[in-house]
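This report refers to the structure that appears directly beneath it.
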Amino acid sequence: MTNGRPLVIGFGNPLRGDDALGPVAAELLSRDPRLPGVTVWSVHQLAPEMAEDVAAASRLVVLDAVVDGSAPGTIRVDTIAPEAGETSLTHHVTASTVLALARELHGHAPPAVAVAVAVEDMGAGERRLSPAVAAAVPTVVDTVVRLVREEDAHA
Amino acid sequence: MARDIVIDPVTRIEGHSRITISLDDAGRVADAHFAVTQFRGFEKLCQGRPFAEMPSLMARICGICPVSHLIASSKACDDIMAVRPPKTGADLRTLMNLAQMVQSNALSLFHLSSPDLLFGFDADPATRNIVGVARLHPQLAKDGIFLRKFGQHTIFLLGGKRIHPSWIVPGGVDAPLDAAKRDEILAMIPEAYAAVERALVWFKANLMDWVEEAGEFGSFPSAYMSLVGDDGTVEHYDGRVRVVDAERRTLAEFDGRDYADYIGEGIDDRSFLKPTYFKPLGPVDGVYRVGTLARAVVADSFGTPRADEELMEFRERFGAAPQSSFHYHHTRLLDILHSVEKMERLLRADDILSDRVASKAQVNRNVGIGVSEAPRGTLIHHYAVDDDGIIQTANLVIATGHNATAMNRSVQQVASKYVQGETITEGMLNRVEAVIRCYDPCLSCSTHAMGQMPLHIQLLSPDGLVLDEVRR
């Protein structure tokens, strides 16, 4: 349980090239001495059952790969608001939906941000990050640490 | 002029698909077709791999039902080694499979279909979603989330991972269950009963709201197929394959290793989905359905008291072999209830903590076939290996393939009722998609073939004339 502490979730498919960005960064963050007591998850996708832990967190930071036309390795930090989102769900849900479920079912949606990294190659069967995305990983980790510590400083 | 209405992609199912509805000159539905437009290739990529790698490889087919592939694949490997797992090994595999039945059926009913059932098919999509369910009926949403979590956490406790656990191996499982984990799972069982039984009360109380849909959602006579145990009860892990007709008369009952004598596999030029048929009746009349509805029809009973009481009520209301695919929703709850009961029974058995959980052997046969029930229906893995155990060929027959012909008929039936003129309404769109979701198709699982991919490219003039076409 998150118990009033920040929750970091890196998600993506480790077998789809750059889509592994979230899990790779989450693995590093889970061992980072600058984040004692912070819960870090590495998952394939977000799911509704995460709402309870998200509701108990003081802050949510999600890490994901995006294809948005930016140069590979470009890092963007966006605020996430609780929203029902589209109906076009398969088995996964968006971070906005998890936040909305946390609010509706458990009474609290913490402040949340997405650290999105522009990627270029999400081919099946590849375990490697492309060079530009791999080079961005240390900055992604530092960005998450900064966001979490900012939260702690304000707490 | 005749025209096509294309719904692409279909939402809230697993994978990618396209539905094409063809209208005649008078604007009536002439044809409807459900196509899978993604391609995976697992049958091809596993060739040349050692057979013992197959369970882990095949689990990657799907993020929703990897346990089903682990089990069918491991059973095929057991067959290659000519061994059966020790009783505790088989029971632990069954336990994980049942946990997956709970989480997957909960995902389908509570997360994907309940918005339609709760708000109606014509409701605003902005509210007709899982968050809308949480707002209007929080207990239902909490129950769905709990059942998902219960199944996923049980899989995690047994296999160390929620998705793609590698604990199920050829010959059994690779580690016994310890008392602490058993007790942790048992501690969740009472809430699992409460959640599914609350959902059943809600579903049955609202049955009358859906009478119209139940009458039109894939309502036609067909055969049904599923595994049954030696005593005729529902079986998810082992047993024999039974096929019954629309009157619930047994058409065939056979060992899963003989599946090719009874199940034919077809090629659909317009889809990567491989449709099947019951061979003795042929491709046209041999349509059958698999999955939760089929299990509730085919078996004599569930063999567990709570689920059997519900099954008796279900059969009193709808008959022993109801024709509408709408009843998949109701039978998902029965399947969950039975799974929880059977999990408790297995966990309370004296030998569930035994450390004899795997049999060891090398290649003793060149062919192995494994059959089990996945949440969506019967799953068959069929491998051929050389004397060194290297995979030569693999054939996977997946629940969504079994249901493919029934899904097409269902789409045509719903489209004929709701498509009028050339206007696509949200209500029509969602009803066509919803009838597909009754089957909870898993397209990731159903498009694993490579090398026999039908490719049909047509160049059409504005008035629909074929100018050129290529088949390969």
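The values are calculated or read from the model by the stated rules, or taken from the named source; none is laboratory data. Every value quoted in this text rests on a predicted model; they were computed, and no experiment measured them. A quick note on method: Cβ atoms are made from the backbone with ideal geometry, for glycine too, and the neighbour counts reach across all protein chains shown.
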message = Need pairs with beta-carbon distance below 6 Å; first residue away from chain B (no Cβ under 11 Å) and under 19 Å from A:LEU105 (Cβ atoms) and within region A:38-52, second of a type in the set (Val, Ile, Thr) and surrounded by 19 or more Cβ atoms within 10 Å (Cβ to Cβ); sequence gap 6+ or separate chains.
response = A:LEU46/A:VAL93; A:LEU46/A:VAL98
ask   = Out of region B:109-152, which residues are over 24 Å from B:THR94 (Cα atoms), among the small types (Gly, Ala, Ser) and more than 9 Å from chain A (Cβ to nearest Cβ)?
value = B:SER113, B:SER114, B:GLY120, B:ALA123
Answer residue from region B:71-108, given it is of a type in the set (Val, Ile, Thr) and in contact with a helix residue (DSSP H, G or I) (Cβ under 8 Å, 6 or more places away or on another chain) and is farthest from the other protein chains (Cβ to nearest Cβ) among those = B:THR88
Residues being among the basic types (Lys, Arg), within 21 Å of B:ALA374 (Cβ to Cβ) and in contact (Cβ under 8 Å) with a residue 24 or more places away in the chain - total across region B:224-273 = 2
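Looking at B:LYS417, B:LYS342 in this structure, which one is touching a helix residue (DSSP H, G or I) at 6+ places or on another chain (Cβ under 6 Å) and at pLDDT 95 or above?
Working: B:LYS417 fails: at pLDDT 95 or above.
It is B:LYS342.
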message = Regarding region B:296-303, can at least one residue be identified that is more than 27 Å from B:ILE19 (Cα to Cα), in a helix (DSSP H, G or I), of a type in the set (Val, Ile, Thr) and in contact with a strand residue (DSSP E or B) (Cβ under 6 Å, 6 or more places away or on another chain)?
response = yes
query = Does B:ARG242 count as of a type outside the set (A, V, I, L, M), modelled with pLDDT of 95 or more and within 25 Å of B:ALA82 (Cα to Cα)?
reply = yes
request  = Search region B:41-70 for residues that are within 13 Å of chain A (Cβ to nearest Cβ) and within 16 Å of B:LEU379 (Cβ to Cβ) and pair each with any residue that is among the acidic types (Asp, Glu) and buried (at least 24 other Cβ atoms within 10 Å of the Cβ) when their beta-carbon atoms are under 6 Å apart and the residues are at least 6 apart or on different chains.
outcome  = B:ILE64/B:GLU14
Filter result (assigned to a loop (DSSP other than H, G, I, E, B) and either within 11 Å of the chain's Cα centre (by Cα) or within 19 Å of A:LEU35 (Cα to Cα) (or both)) within region A:53-77 = A:ALA57, A:SER58, A:ARG59
remark   = Per the list (1) within 10 Å of another protein chain (Cβ to nearest Cβ); (2) in contact with a strand residue (DSSP E or B) (Cβ under 9 Å, 6 or more places away or on another chain), residue check on B:LEU158 breaks on (1)
message = Could you go through region B:27-47 and let me know if any residue there is at pLDDT below 75, of a type in the set (Lys, Arg) and not in a strand (DSSP E or B).
response = yes
remark   = Picked from region A:1-21 (must be within 14 Å of chain B (Cβ to nearest Cβ) and under 17 Å from A:ALA112 (Cβ atoms)), the residue modelled with the highest pLDDT is A:ILE9
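Yes/no per residue for (1) within 30 Å of B:ALA187 (Cβ to Cβ); (2) charged (D, E, K, R); (3) outside any loop (DSSP other than H, G, I, E, B); (4) more than 14 Å from the chain's Cα centre (by Cα):
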residue: B:ARG332; (1), (2), (3), (4): yes, yes, yes, no
residue: B:ASP335; (1), (2), (3), (4): yes, yes, yes, no
residue: B:HIS338; (1), (2), (3), (4): yes, no, yes, yes
residue: B:GLU341; (1), (2), (3), (4): yes, yes, yes, yes
residue: B:GLU344; (1), (2), (3), (4): yes, yes, yes, yes
residue: B:ILE352; (1), (2), (3), (4): yes, no, yes, yes
Hits in region B:197-247 - residues which are touching a strand residue (DSSP E or B) at 6+ places or on another chain (Cβ under 8 Å), part of a loop (DSSP other than H, G, I, E, B) and under 25 Å from B:ARG409 (Cβ atoms) = B:PHE217, B:GLY218, B:SER222, B:ASP245, B:ALA246
ask   = Taking region A:1-52 on its own, how many of its residues are closer than 18 Å to B:LYS161 by Cα and assigned to a helix (DSSP H, G or I)?
value = 10
ask   = Out of all the residues in region B:186-220, which are touching a His at 6+ places or on another chain (Cβ under 8 Å) and closer than 23 Å to B:MET96 by Cβ?
value = B:MET188
request  = Consider B:SER226 carefully, then state whether it is closer than 29 Å to B:PHE146 by Cβ and in contact with a helix residue (DSSP H, G or I) (Cβ under 8 Å, 6 or more places away or on another chain).
outcome  = yes
ask   = Pick from B:ARG135, B:ARG128: which is surrounded by fewer than 19 Cβ atoms within 10 Å (Cβ to Cβ), of a type in the set (D, E, K, R) and out of contact with any strand residue (DSSP E or B) (no Cβ under 7 Å at 6 or more places or on another chain)?
value = B:ARG135
ask   = Of (1) at pLDDT 95 or above; (2) within 14 Å of chain B (Cβ to nearest Cβ), A:VAL140 satisfies all except one. Which?
value = (2)
request  = Working only within region A:99-129, note down all residues that are modelled with pLDDT of 90 or more and at the interface with another protein chain (Cβ under 10 Å from one of its Cβ atoms).
outcome  = A:LEU99, A:ALA100, A:LEU101, A:ALA102, A:ARG103, A:GLU104, A:LEU105, A:HIS106
message = I'd like to verify a number: residues in region B:163-195 that are within 14 Å of chain A (Cβ to nearest Cβ), in a helix (DSSP H, G or I) and not hydrophobic (A, V, I, L, M, F, W, C), how many?
response = 1
query = Which members of region B:355-403 meet the condition of being crowded, with 24+ Cβ neighbours inside 10 Å, within 21 Å of B:ILE267 (Cα to Cα) and among the aliphatic types (A, V, I, L, M)?
reply = B:LEU379, B:ILE380, B:ALA394, B:LEU396, B:ILE398, B:ALA399
